[in-house]
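In what follows, a single structure is set out as C-alpha cells and then discussed.
The values are calculated or read from the model by the stated rules, or taken from the named source; none is laboratory data. These figures come from a predicted structure and were not determined experimentally. Cβ: placed from backbone, ideal geometry, glycine included. Neighbour counts: every protein chain shown. Only protein heavy atoms, including side chains, enter the accessible area calculation; ligands, DNA and RNA are left aside. Shrake-Rupley method; radii C 1.70, N 1.55, O 1.52, S 1.80 Å.
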Amino acid sequence: MAFRNQAAARVSETGTRSSASSVPATVKEAPPGTARGLPNAGAVGQVTAPSAGAQANRELNANPAQAAAVAAAAGAASSATPAAVAPAPAGGKRLKQTLKAFARQGLDVTLVLVRKLGPSLPSPGAEAANLVLALLTWVDTALVNAADLEDLRDRALAFLDILDAYHGELLKLRLYEQVVLEYIEHLKAIVEYAKQYSSWGLLVQLLKAGSSARALEELAARMGALGEQVMTLVAVDTNARLQEVQDVVEESRNLLLRMAEYKDPLAAAREFVEQHGGLEAVQRAGELDTVVAKLPISHQVVIKMVRVQVSSLLQMLLDNGPHQQIPHPDLRLFWVKQFGPVEQVPWYSFWDKFPSKLNGTLRDDAQVEGLCALLAEEGRREALQRAVERSDRDTLSVWELRKSFNETDGLLTQVCRLLDGQGLPPPPPHYAGREAEAEALVTVLQQRSILLHGPGGMGKSSLAADVATRMLHAGAVASRALWVDLREAWSAEEVEARFCAALGLQLEESDNAPTIVAAVRRLAAKDGGDGGPASAGAVAVVMVVDNAEDALLQPEAVEALRGLLGKVLFEAPTVRLLVTSRKPLGEGLGLEERRVGAISPEAATQVLQKAVAGLSHAEAADGAKACHGVPLVLSLAAGILAASKLTLLEDLHSIRAAARSADEDAASNVVRLALGCCGEPLKQAAARLAVFPSAFDGKSAATVLGAPVKGDGPTPEAALDALLKRGLLQRADGQQYVMHTIVRQQAAELGAAQGAALRREAEGRYVTLMLGLLRSWSARFKTANVWRLALAAARDQQADLGRLYGLLQGLTPEHGLDVAAVALELTGQVADLLAALGLVRQMQGPCEALLAQLEPAGPGAAELPPDVEKAVASVLYMLGVVHLTDGRYADAEAATQRSLDLRRHALGPEHRDTIASMSSLAGCHEARGHLPHEAEHCYRQALELRQRILGPEDPDTIASMGDLAGFLKIRGQYAEAEPRFRLALELGQRVLGPDHPNTIACTKNLANCLQARGRYAEAEPLYHRALELAERVLGPEHPDTVICINNLAGCIYARGRYEEAEPRYRQALELRQRILGPEHPDTITSMNNLAGCLQAQGSPAQLAQAEQLYSRALALRRRPEILGPEHPDTITSMNNLAGCLQAQGRFPEAESLYRDALVLRARPDILGPEHPDTITSMNNLAGCLQAQGTEARLQQAEQLYSQALALRERPDILGPEHPDTITSMNNLAGCLQAQDTPAQLERAEDLYSRALVLRRRPDILGPEHPDTIISMNNLAGCKQARGNHEQAAELYREALVLRQRVQAQGQNV
C-alpha cells in the first residue's frame, strides 16, 4: 500500500495472506487527533484470544449467544492478572523506555501496557494493538522457535513505539490511517508466521518443508521499511516534545533496521529426518523419539507434556489414515486421538467428545471454553450439523470436515462462521444496501420460488446468499440450504453434474434428473414432510441455483436446467428455489421474477467509505456516483482506491470513464481497469486463476500460480490475498475462492493478450494438479476406510474433471507438459475410479487425442521409445475400458490386446500393469463371447501372477479371483466357481470393507452363482443386500446398481413371482435406455429379460409384447457393431424368440430358430456340446418337437430329452439335484407320457416322482414353488393315465390348495 499524495515515500506492495483469525478490534479507539498518554494502571482493557477472529466477531454481531461465547473465550484469556505491573506515566507523559524493554519483564506486563495503549490511538490503532496482543500470545505459546519469534515480536513492538510517538504528526499529514493499515497487514503476516509454531500438525509440516529463513527475513525487512518511511515523513519535525521521546524512538528505529538473523530451531531434527529418508521413514524405523529429542521444545510445553507424549502426538499425525484429510491440524489431531483410523463417526459420538475433549489437544484453553459455551445448546449443535453435512445426515465424515474447515483459522472462528452461514457463501467484505430488498424477498420466498435476474455485477449471488441466510437464522427453513453453482455449466451433463455435486450424488452417464429430484425430496422429507406433491407447510429446503445464465447458451443445457427446475417445483413443493441469472429463464416455470438493479447512492457511498480508509463523505459520494451503484463496480473501485496506484482524482476519473453506465459493459470495463491497476505479477496471477471453472482452494491455486522465480513477485498466498482486497476474487466458503464470471472473462482475455504462453502454462499446471488429484483419489479408492473419501472428493470436483477432459484433448508443447508423462497417469486404478464414478466413457476423446500425439504417424508406423511405448500402452488400456463400458467389445479387445503386447515388451510379463492388461483382455474375450479358452487362460494366469507378486489380499488379486469365478459360472462350472466367489467376498469384506463397490460386486456375483445352482432362497437376500448397498454407495442410477435391480428381478422371477419381478425388469430397462442408450448390450439384455417375464405370465397380450421385445433384441444383437450373429447372447435371443413363438403355437418358425441356436452353441469355438446353454437348446428343441405331437417328432424329442438329462446329471456339469436337471426329468417324463404305452407311462411316473421329491426339498425349490406344484400336477396326471384315480385325486387336491395359496400371495403357477 502506498501513501496517497506522497510520491516521494511509497511502500513496496508485497501483500501477505491475511487471516480471519486475527484479533477483533475490541480495544476502544480514541478520536482522531487525540493526544495519547497511557491510562491509569487500574483501567485494564480487554484482550481477545488469538483464535477468536475478527471475521467471527463481525459475523456474530447479530447473534448475542455466539457473541457471548466469543467474549467468554476472550475473558478466559485475560483472566490471569499479573503479579506486578510497571506503573504507567502519569498525566499523559510518554514512555521513557521501549515496549521491548517492558517485554523482558514478562508477558503479563506487556499485555497490560498494550491493552492500555490501544484505546488512546486514533482509529484503526485499536485493531493494530489487538493484533500485537495476539502476537504476544502466539509467541508465548509457541512450541519451538522462540528466538526468531521474539525477534519479530520486538520489531512489532518497536513500530508501535514509533506510532505512539508520531501519530499526531501523521494525522497532520493525513497519512496516519494508511500507515496503520499497512502496519496491520504486516502484523497479520507475522501472526500467521507465529501461529505455525504453535500447532503440532503444522510442526510436522515444518519438519518436512525446510527452513523458513526467507519468510522471517521478508517479514523483518517489511517492518523495517515501514518504520523508515514513517521516520522520513516526520523527519522535519524536531520540536522539543519529540526530543523528549527521541531515545525510545531511536532505539526502536535501530531495532527495525537491524538485519534479521534466522536461527533455524528445527535444523538438527530436520537434518536427522533428511538423513533417514524422510519423516515417514523415521516413523517406520521407530526413531520418532530421537527426532523429538532434537526439537528445542518450549519449557512451558515440557512442563505440561513429557517428551514421550510429544512423540506419541507426532506418531498419530504421521500415521496414514482418513484423519489426514482434515486440513485443520488441531481438529485432525483431535479426530485421530478420539476416533482412531476411521473415516466417519455417528454425530452422537462426535458430540460426546467435541468440544469438551479438545482440552487434550488444543493448547488454547480459552478457545475450548469459548467452543463449549457456543455449542452448549442443542439448537446450535444441530445448526452446525446442517452446515457441515453433505450426504448422510446421521454421520460425520473426515471429508465433510475437509470441506468445512480450513488449515489456518482458529476452530472457534470457523465454527462461528459455519453457524452464521450454514454452508452458504459468505457475503463480500463490504456488502450493503440490500437490507430492505432482502427482507422483502424472504417474505416472498416463504410462499413461492424466485428468479433474481439482472445484468452481471449487480450482486445477485450475494443477495441470494443473504436471503437464504436470513431464512435460516429466522428459523423459516426446517432443514437446510443448498448452493448449486452453474458457473460455466454449458452442457446438459455439466448442469446435472453441478446439482449432483451439491447433493453428494453419483453422476450417471445421462439423465440424472430423477435421481436429483428424488434426493431433493428425501432431503426435504427429513424435516418438512414427505416432500412429495401432496406436501404442504413450512419451507423444508432452500436451494440457491446461481449463475444460471451459463446454462442458457446451449439448447440441451437449457432443456436440462428447465426440466430439473420444473420437476423440483412440481414434485417437491416444500423446497424453495432461489435462482440467479443475467437473463430470464422463459415462461412456464412458475418462478416469481425479480429484477436486481443498482443499490442507492447513499448505500454506495457508505460502501466506499467503509472500504477505503481516509475517504471523505464527499469523495465517497463522488466515487459512488461514478460507479452507478453497481456492487461489483463498487467493490473493484474500492480495491483501486485502496491500492492507491493512482491519485484520488486520477482514480475517480478513471472509474468514471470506465463505468459510463450501469450495465455489464461498464462492469467489464472496471474489471479491466482494476486488473490494469495491479502490478504485472498480480495481473498474471489473475489470468492464471481464470483456468478454474468453479471454486478452488489455496493449495490448488498455489499449484496453478507456481512459486515466485528467485523471489520476484508475490507468493501464491500473497497473490490471493491481494486479489481478494481488490475485489477480483471472492470467498466461496471458509477455504475456497471463486472468481466472478465477468472477472474470469476479463482475466482470461488479459492472459490471452499477453500471449498464449501464459494461458498454456496455467492450463498445463491445472492438468498436473488434476492428474495428481486423480492419482491420489484412485489410490485411496483401493484402500479400506478411505475409499468413500475418494469418491466424495472426486464427485465434488466434477466440474474440474470436465475441464481436465477438455484440456487433455488439446495439449500442445506450449503447455509445458510431457505428453508421455501425462499418459502414464492414466493408470488402471484411475480407470477403476472413473468407472465407479460413472465418468469413464468421457475419456474416449482424451485417449484418442493423446494417442494421436504419441503416435503421429499412426499405430505401429514407427518404433517407439521406451517411455512412449509405456505411455501408449497406458492410454490403450484406458481406451479399452471405455470401449468395454460402451459395449464396443471388438474395439475394446483390439485396444487391450495391443496394450498387453506393448506392456509385455516394455515392462515385462510380471509387471502389475501387464497383468492388468491381461485381465482386461480376458474380460474383452468374455464379453465378445468367443475365444473361451484364451479368456480362461488369461484369467487364471492373471490370478496366479497377482497372488504371487501382489499377495492374496491385494484388491487387484481379489478382483482377479472374482473375475475367474464369474467366467467359470458363465461356462457352467458352478462347483468350482462358488468357493471362489465366497473367498473373494470374504477377502473383500476384510480388506476393503463390506460396502466398497468391489465388495458389493462380490456379493452380487455370489448371489448369481447360487441362483444358477438353483439355491434361490440363499440368493435372494444377497441380491437385496447388494442392491441396498449399491443404491446407498453408488447411487440409485449407477450402472452397477441397475445390474443389481435386474438380478434381483431375475431371482424373484425364478421363484415364480412374475408379477413382482415385472416392475423391477421394467425399471432396469427404463434406466438402461436412459443411461446407457437403447442399443447398449446391457439395455438389450433388459429387453430380453422383460420379454421373458411377460411370456411367463402367458396372456395373449403379454405374449405379443414379449415377441415384439424378443424380435427387437435379436435384431440389435445380430448387428456386427453390437454383438454379431454368433455371440452367445445373440444365440440366447434366438432361443428366447423361438420359445415365445412356440407358446403362440407357431411351431415351424420356432423349430427353425431352435435348431439354428443349437448348432451354433454346440460349436467348440462358441460354447461347446456340453455347455449348460447348449443343453438348454437341446431341451428347448425337444419341447418344440413334442408339442407338434406326431410319433416321429415324439421319438426325436425323447432322444434329445434323454441326452440333455444325462448331461445335466453329470456332477461336472450341473449334478442330479440342480433345478435344470429336475426340469429335464420332468420334460422327459412328459414326452414318455405323451407316447402313452404302459412301459413309457411307468418310466414317466418314476421320473415325475423323483422330480417331485427333489423339488419339494426346501434347499432346492420348496413345497410351494410353482415348479413343485407343476410336478405334483404332472404326477397326478400320469397316475390318472395309469388308472390310479384315488392317488391322482389326492395329488390334484393338494396341488389345487397350494396353487390357490400361492396365487393369493401374488405368484403365478
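Expressed as a whole percentage, what fraction of the accessible surface of the range 854-913 belongs to carbon and sulfur atoms when a 1.4 Å probe is rolled over the protein heavy atoms?
C and S atoms contribute 54 percent here.
Of the heavy-atom accessible surface of the range 350-469 (probe 1.4 angstrom), what whole percent is carbon and sulfur?
Summing carbon and sulfur atoms, their accessible area is 46 percent of the total for the range 350-469.
Working from the alpha-carbon coordinates of the range 365-455, get Rg over Rh, Rh being the Kirkwood radius.
Checking Rg against Rh, the ratio lands at 1.04.
How long are the three semi-axes of the equivalent ellipsoid of the range 1133-1284, in whole Å, if each is the root of 5 times an eigenvalue of the C-alpha gyration tensor, listed from largest down?
25, 19, 14
Could I get the Rg over Rh figure for the range 978-1121? Both from C-alpha atoms, Rh via Kirkwood, rounded to two places.
1.00
Any chance you could look up the accessible area of Asp1212 with a 1.4 Å probe, heavy atoms only, rounded to 10 Å²?
Surface accessible to solvent at Asp1212 totals approximately 100 Å².
What FRET efficiency, computed as 1/(1 + (r/R0)^6) with R0 = 45 Å and r the Cβ-Cβ distance, is obtained for Glu1209 and Glu1070, rounded to the nearest 0.05?
Calculated transfer efficiency: 0.65.
Can you divide the C-alpha Rg of the range 809-942 by 2.2 N^0.38 Å and report the result to two decimal places?
Computed over Cα atoms of the range 809-942, the ratio equals 1.01.
Which order do Thr914, Thr768 take when ranked by solvent-accessible area (1.4 Å probe, heavy atoms of all protein chains), largest first?
Largest to smallest exposure gives the sequence Thr768, Thr914.
Rolling a 1.4 angstrom probe over the protein chains, ignoring ligands and nucleic acids, what is the accessible area of Ile599 in square angstrom, nearest 10?
20 Å²
Quick one: which residues, 5+ away or cross-chain, put their amide H under 5 Å from the amide H of Leu396? H built at 1.01 Å from N.
Here Val345, Trp347 satisfy the definition.
Which entries of Lys188/Lys353; Lys116/Lys337; Lys403/Lys610; Lys100/Lys172; Lys403/Lys583 have Cα-Cα distances beyond 29 Å here?
Violating the 29 Å limit, Cα to Cα: Lys188/Lys353; Lys116/Lys337; Lys403/Lys610; Lys403/Lys583.
Quick one: Karplus J couplings for the range 562-573, per residue in order, coefficients 6.51, -1.76, 1.60, θ = phi - 60°, nearest Hz, x for Gly and Pro?
So the J values, rounded to whole Hz, are 4, x, 5, 4, x, 5, 5, 4, 7, 8, 9, x.
What share of all Cα pairs of the range 915-1054, in percent, falls into each consecutive 10 Å distance bin?
14, 40, 38, 8, 0
Sorted by accessible area with a 1.4 angstrom probe, largest first, how do Lys625, Lys353, Lys1004 fall?
Putting Lys625, Lys353, Lys1004 in descending order of accessible area: Lys625, Lys353, Lys1004.
Normalise the Cα radius of gyration of the range 97-188 by 2.2 N^0.38 Å (N = residues in it) and let me know the number.
The reported ratio for this selection is 1.06.
Which whole-Hz couplings ³J(HN,Hα) result when phi for each residue of the range 936-942 is put into the Karplus expression 6.51 cos²θ - 1.76 cosθ + 1.60, θ = phi - 60°, listed in order with x for Gly and Pro?
4, 4, 4, 4, 5, 5, 4
Rank Phe272, Phe1147, Phe692 by accessible area, highest first, at a 1.4 Å probe radius?
Phe1147, Phe272, Phe692
In nm, to one decimal, how far is the Lys353 label point from the His905 one, both placed 7 Å along Cα→Cβ?
Distance between the two pseudo-spin positions: 5.5 nm.
Compute the distance in nm between two label points, each set 7 Å from the Cα along the Cα-to-Cβ direction, one at Glu150 and one at Arg381.
With each label point 7 Å from Cα toward Cβ, the separation is 4.4 nm.
Note down the Stokes-Einstein diffusion coefficient of the range 987-1041 in µm²/s, whole number, using a Kirkwood radius over alpha carbon pairs, 25 °C, and 0.890 mPa s.
Estimated via Stokes-Einstein, D reaches 219 µm²/s.
Express in Å², to the nearest 10, the accessible area of Lys460 obtained by rolling a 1.4 Å probe over the protein heavy atoms while all chains stay in place.
Its heavy atoms expose roughly 20 Å² to the probe.
Quote the Stokes-Einstein diffusion coefficient, in whole µm² s⁻¹, for the range 1225-1303, based on the Kirkwood radius over alpha carbon pairs, a temperature of 25 °C and a viscosity of 0.890 mPa s.
In µm²/s, the coefficient is 198.
Rounded to the nearest whole Å², what accessible area per residue is found for the range 745-827 with the 1.4 Å probe?
Per residue, the range 745-827 has 35 Å² of solvent-accessible surface.
Just to be sure I understand the curve: with the Debye formula and one point per C-alpha of the range 686-798, what is log10 I(q)/I(0) at q = 0.24 Å⁻¹?
-1.40
Spelling out what I want: for every residue of the range 1188-1198, take phi, set θ = phi - 60°, compute 6.51 cos²θ - 1.76 cosθ + 1.60 (Karplus), and round to whole Hz; glycine and proline get x.
3J(HN,Hα) across the range 1188-1198, in whole Hz: 7, x, 6, 4, 5, 5, 5, 5, 4, 5, 4.
Check which residues have an amide H placed less than 5 Å from Glu593's amide H, if you skip close sequence neighbours.
Leu451
On the protein heavy atoms, probe 1.4 angstrom, tell me the percent of accessible surface of the range 1117-1161 carried by carbon and sulfur.
Carbon plus sulfur share of accessible area: 54 percent.
What are the residues whose amide H is under 5 Å from the amide H of Ile1166, where those residues sit 5 or more places off or on another chain and H is modelled from the backbone?
none
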